[in-house]
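These notes concern the structure reproduced below.
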Amino acid sequence: MVRILLPPSEAKNPGGRGKSLARRGLDAARSTDDLAEPRRQMQLALQRLLDTDAAAAALLLPDSVAREAIADNAAVQLSGTLPALQRYAGVVYDGLDLTSLSPPARRLAARNVLIFSGLFGVLRGNDPVPNYRVPAKASLPGIGIAATFWRRHLDLSMPRLLDSELIIDLRSSDYAAMWQPARTSLVAGRLVAIRVLSPRPDGSLGVISYPSKYFKGRFAAALLECRVGGVISCADELAATWVTAGGKDAVVRTVQSGMALDLITHSAKVVTA
């Protein structure tokens, strides 16, 4: 099964009727229970941080959201949960548009999408998640920078979450820093890093934040629908999937760390239904 790696989003859908982490145990996801101990450490460190006046700065919270985000973090163990793919609400997830996927593609997403998180390390698409705000660059007492803390734990756990097919890396740089396979490993040879390029006003191509995020979500959706009907086994098939889904072009590149694929959009304008 192909695996799709996604970043989380600062924006979250509120609420949730799922059992709280306290009722489930501190581990938010049975499917990744080898991360239970580092998650416990992260959550305890978060609670210690929230008892100080430095919480907003350490969590990189803008003034406009600091009070609400700190309240959400304080209630992280007791609040209701949503499946990860329903909790996150940023631009990537607007592009993915979970509700528009076919039922088989939604079931595939629940199992095969892996979402990286400053608080939880990595989550499957159907893992229960409370509302929270802990970015990868957050600094927590006794933990340090979240991404650095998770790196050593994910080096051990990620190989067990991956299969023998392609790994599609749609993460932003902050979350890509949380885990990368060893360059000489078999996993590295199956990882394809995705970059979305859109035309600038001067005619050149570049990474433009909003369309880059949105079209990564659209590409993930196309891959899930395509994977329902068959196997994607190489970067050239990924490129064909992008063009079939409405992209302009795709360029396969070989990089030092393995494979990379540049997805080229027709324009930087995002048109939604």
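Worth a mention:
- If you go through segment 204-226 and pick out every residue that is in contact (Cβ under 8 Å) with a residue 24 or more places away in the chain and in a helix (DSSP H, G or I), you end up with 14.
- Counting only helices (runs of 4 or more DSSP H) that fall entirely inside segment 1-99 and contain at least 2 residues that are among the hydrophobic types (A, V, I, L, M, F, W, C) and open to solvent by less than 40 Å² (accessible area, probe 1.4 Å), the qualifying elements are 36-50, 55-58, 63-74, 84-87, 91-96.
- Inside segment 222-266, residues that are at pLDDT below 90 and among the basic types (Lys, Arg) make up a count of 2.
- Qualifying positions in segment 100-130 - over 13 Å from residue 5 (Cα atoms) and open to solvent by 30 Å² or more (accessible area, probe 1.4 Å): 100, 102, 103, 104, 106, 107, 126
- Any hit, segment 235-256, residues being in a loop (DSSP other than H, G, I, E, B), within 28 Å of residue 184 (Cβ to Cβ), open to solvent by less than 70 Å² (accessible area, probe 1.4 Å) and not small (Gly, Ala, Ser): no
- Looking at 152, 106, just one residue is assigned to a helix (DSSP H, G or I), more than 28 Å from residue 48 (Cα to Cα) and over 15 Å from the mean Cα position of the chain (by Cα), and that residue is 106.
- All positions within segment 174-203 that are modelled with pLDDT under 95 and part of a helix (DSSP H, G or I): 186, 187, 188, 189, 190
The values are calculated or read from the model by the stated rules, or taken from the named source; none is laboratory data. Just so it is clear, the structure is predicted and the values come from calculations on it, not from any experiment. Because the Cβ atoms are built from the backbone with ideal geometry, glycine has one as well, and the counts that use them run over all protein chains shown. Heads up: the accessible areas ignore ligands, DNA and RNA and are worked out on the full protein's heavy atoms, side chains in. Shrake-Rupley method; radii C 1.70, N 1.55, O 1.52, S 1.80 Å.
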